[in-house]
Amino acid sequence: MRSSKIVPVVAIIAIIAAAAALSGCGEPAPVVAYSKFEKAIKDGDLETAWSLLSSRRQEDMTHEEFLKVFGLPSMQEAMKNMPPADIVECEVEGDRAVITSEGTGIYEGKTSKTSLVLEKGEWKLESSPGP
């Protein structure tokens with residue numbers, strides 16, 4: 001069962017990797033939520049980061065597991081050193097949003113999409129970036 005917990009961790013790391021340069025999207029509400037998540041992770045504010053994940057994403061990993069994994073010194077260091085992404089598009093349709101980004105640094109040439117969902121009036125990170 002332990003390996004099943006790796007997928008949510010990798011998914012959250014992928015979200016962080018794509019979240020660095022979100023101002024290119026004109027700062028719509030989903031981008032603001034995404035930027036807050038990225039800043040919270042980089043600052044070690046894991047309670048705020050957790051609160052910005054969708055209920056679906058929170059079901060993938062318990063709160064305690066999230067704090068344990070992302071509180072590790074090696075994970076904190078990795079998050080602080082994550083290269084920024086260039087946001088190329090932000091599409092909002094009703095209660096759903098998709099942010100498209102292109103990687104930089106070691107992720108150059110890779111494009112990813114991240115979904116956000118509006119839950120109880122707040123934008124939450126829903127899916128990890130994918131090709």
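Bear in mind these aren't lab numbers, they're just calculated from the coordinates by the rules spelled out. Everything numeric here is computed off the predicted structure, so don't read it as measured data. Please note: Cβ atoms are built from the backbone with ideal geometry, for glycine as well, and neighbour counts cover all protein chains shown.
On the basis of the beta-carbon distance and an R0 of 25 Å, residue 63 and residue 91 show a calculated FRET efficiency of 0.25. The calculated pair-distance distribution of segment 24-131 uses every alpha carbon pair, bins of 10 angstrom beginning at 0, and gives 15, 45, 36, 5 percent. One decimal place: the segment residue 56-residue 39 gains 4.0 nm when fully extended, by the rule 0.36 nm per residue minus the C-alpha distance. Extending 7 Å from Cα along the Cβ direction at residue 76 and again at residue 32 yields two label points whose distance is 2.9 nm. Judged by the ratio a/c of the largest to the smallest principal axis of the C-alpha gyration tensor, segment 68-124 counts as oblate, that ratio being 1.5 or greater while a/b is no larger than b/c.
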